[in-house]
Amino acid sequence: MNQNLKLLPPLNSNVRLPMRYLQTYEIPLVKYLIRKAGLTAEFSNLDRISVKSMKDGGMGSLRFITNTTNPKLSSVAAECLFHDSDGIKVSATLNLDQNGQLFELDIWKVNFAPLLKWPQLDELSEAV
């Protein structure tokens, strides 16, 4: 596993899906999972990571845009749990691609409903 993540600006390639930067409210969860996984990254640049929202019914999952050619899910880097503002449990999993780069942030609300609120650091707990 690559312990040195490359955080890249958006690619100027023909990526056909809408891209955007991580939102301010998404950064604490991503930072927490990167640190929990023991990965190194330049945290001051997390707001410059390109992502695209995944079609997950509004639960909040993100695909990271990197320079990996044909990225594929390879491994789970870290997981945590939190409760949404309606009290429903939510699982967050940071996945890596075949080159050890960020692949996706998989958010799963156990009742499959849309996520109402992104968690603060003090709301995160270990996955069991």
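Take the residues in region 52-63 that are modelled with pLDDT under 95 and among the hydrophobic types (A, V, I, L, M, F, W, C), then tell me which one is nearest to Lys109 (Cα to Cα).
Going through the qualifying residues, I end up with Met59.
Starting from residues that are without any contact (Cβ under 8 Å) to a residue 40 or more places away in the chain and assigned to a loop (DSSP other than H, G, I, E, B), keep the ones in region 33-65 and report whichever is nearest to Leu116 (Cα to Cα).
It comes out as Lys55.
What is the one condition in (1) within 20 Å of Thr40 (Cα to Cα); (2) at pLDDT 95 or above; (3) part of a loop (DSSP other than H, G, I, E, B) that Thr68 does not satisfy?
All conditions are met except number (2).
Please indicate, with yes or no, whether at least one residue in region 76-86 is out of contact with any strand residue (DSSP E or B) (no Cβ under 8 Å at 6 or more places or on another chain) and in a loop (DSSP other than H, G, I, E, B). Outline the logic, then answer.
Initial filter on region 76-86 (out of contact with any strand residue (DSSP E or B) (no Cβ under 8 Å at 6 or more places or on another chain)): 85-86.
If we keep only those that are in a loop (DSSP other than H, G, I, E, B) too, we end up with 85-86.
Yes.
The values are calculated or read from the model by the stated rules, or taken from the named source; none is laboratory data. Just so it is clear, the model here is predicted, and its values are computed rather than measured. Counting neighbours? That spans all protein chains shown, and the Cβs are built from the backbone with ideal geometry, glycine included.
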